[in-house]
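> I'd like to ask you about the structure that follows.
The values are calculated or read from the model by the stated rules, or taken from the named source; none is laboratory data. The model shown is predicted, which means the values in this text are computed figures rather than measured ones. Heads up: the accessible areas ignore ligands, DNA and RNA and are worked out on the full protein's heavy atoms, side chains in. Shrake-Rupley method; radii C 1.70, N 1.55, O 1.52, S 1.80 Å.
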Amino acid sequence: MLLKQGAEAKIYKSEYLGCPCIVKERFVKKYRHPELDSHLTKERIKAECRAIVRCKAAGIRTPTLYGVDLAKRCIYMEYIENAKTLKECISNAVNNTEHADGNKDFIGPILERIGVFIGRMHSSNIIHGDLTTSNILLVGDLRSEDLQIIFIDFGLSSADESAEDKGVDLYVLERAIISAHTLKENVFNVILKAYAKEYKKGSSEVLRKLDEVRSRGRKRLMVG
Ligand SMILES: Nc1ncnc2c1ncn2[C@@H]1O[C@H](COP(=O)(O)OP(=O)(O)OP(=O)(O)O)[C@@H](O)[C@H]1O
Ligand SMILES: [Mg+2]
């Protein structure tokens with residue numbers, strides 16, 4: 001059953017040895033040179049598998065990897081039941097409240113936990129590569145400490161120490177949270193504070209880079 005048709009991949013729901021699974025099939029892009037296309041696709045599939053395994057080792061929840069078929073351009077992974085994306089959760093919270101700030105207080109603690117996980121990810125030198133609010137899944141009661149936070153979509157990830165790439169990860173998430181949801185700029189500080197606490201020493205260079213990336217972003221906006 002086709003669940004989603006993304007820009008790069010089709011997401012199917014299926015079964016793997018009796019367990020509900022997701023099949024993520026990266027389709028052929030006709031406008032790309034066939035060899036380049038096949039090379040890029042394989043790199044993304046491999047990147048996704050590697051990151052899933054590295055996250056597991058670092059204590060970050062992702063769908064469990066069930067299998068890969070490079071020839072079929074497919075990756076098979078655990079289907080996360082009853083998941084909502086962070087994007088859906090924030091927009092529901094923002095749209096369902098009459099008063100600008102009423103009833104959104106549960107978002108803070110979620111963002112704080114997300115900051116801890118990203119700090120852990122980056123201190124393990126896992127760069128996500130596409131850290132948007134559609135790529136963070138939530139399962140359970142949004143107001144409970146038992147809420148599960150699951151990271152997905154690691155096709156653009158890499159294993160790298162680069163403070164610059166880590167800064168870009170944070171910038172992408174910051175833009176996703178602030179611009180798409182018209183939340184106050186300072187909500188992102190909750191993430192950064194938890195991030196720095198988890199990542200400790202390494203975080204200061206990343207936060208410096210984040211500032212650089214932000215000002216480059218602003219300049220780009222001014223140029224048009
Ligand atoms: N393991 C999973 N369990 C449940 N839902 C999933 C799972 N993986 C992906 N999804 C759903 O499918 C959507 C797209 O998946 P993913 O981000 O991996 O692919 P994508 O190619 O980036 O697609 P998009 O361009 O829409 O982001 C997710 O936002 C999520 O709603
Ligand atoms: Mg995605």
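> Springs between alpha-carbon atoms under 10 Å, Gaussian network over the chain: tell me which of Gly119, Gly129, Gly67 tops the mean-square fluctuations.
Maximum fluctuation in the GNM of the chain, among the listed residues, is at Gly67.
> Among the listed pairs Lys56/Lys197; Lys42/Lys184; Lys30/Lys87; Lys42/Lys209, which have their C-alpha atoms separated by more than 28 angstrom in this model?
Table pairs above 28 Å Cα-Cα are Lys42/Lys184; Lys30/Lys87; Lys42/Lys209.
> Still on this structure, I have one more. Considering amide H positions built from the backbone, and no H for Pro or chain starts, which residues 5 or more places from Cys21, or on another chain, come under 5 Å of its amide H?
Ser14, Glu15, Tyr16, Tyr79
> From the backbone phi of segment 201-211, what are the Karplus-calculated ³J(HN,Hα) couplings (6.51 cos²θ - 1.76 cosθ + 1.60, θ = phi - 60°) in whole Hz, Gly and Pro given as x?
Once θ is set to phi - 60°, the couplings for segment 201-211 become 3, x, 6, 5, 5, 5, 5, 5, 5, 4, 4 Hz.
> May I ask for the distance between the Cα centers of segment 1-20 and segment 120-191, given as a whole number of Å?
Taking the Cα centre of each part, segment 1-20 and segment 120-191 sit 23 Å apart.
> Please report, to two decimal places, log10 I(q)/I(0) for the chain at q = 0.12 Å⁻¹ as given by the Debye formula with identical point scatterers on the Cα atoms and no solvent.
-0.70
> Just want to confirm a number: the relative contact order over segment 25-110, from Cα pairs under 8 angstrom separated by 6+ residues, in percent.
Relative contact order of segment 25-110: 21 percent.
> Within the accessible area of the chain, what % is carbon and sulfur when the probe is 1.4 Å and the other protein chains stay in place?
Carbon-and-sulfur percentage of accessible area, whole number: 52.
> Tell me the relative contact order for the chain as a rounded percent, counting alpha carbon contacts under 8 Å between residues six or more apart. Display every interim value, and only then the final one.
Details: 330 pairs, mean separation 42.7, N = 224.
After rounding, I find 19 percent.
> Here is a follow-up. Using a 1.4 Å probe and counting only protein heavy atoms, arrange Cys19, Cys89 so the residue with the most accessible area comes first.
Cys19, Cys89
> Just read off the accessible area of Arg50 with the full protein assembly in place, 1.4 Å probe, to the nearest 10 Å².
130 Å²
> Per residue, how much accessible surface does segment 2-78 expose to a 1.4 Å probe? Answer in Å², no decimals.
For segment 2-78, the solvent-accessible area averages 58 Å² per residue.
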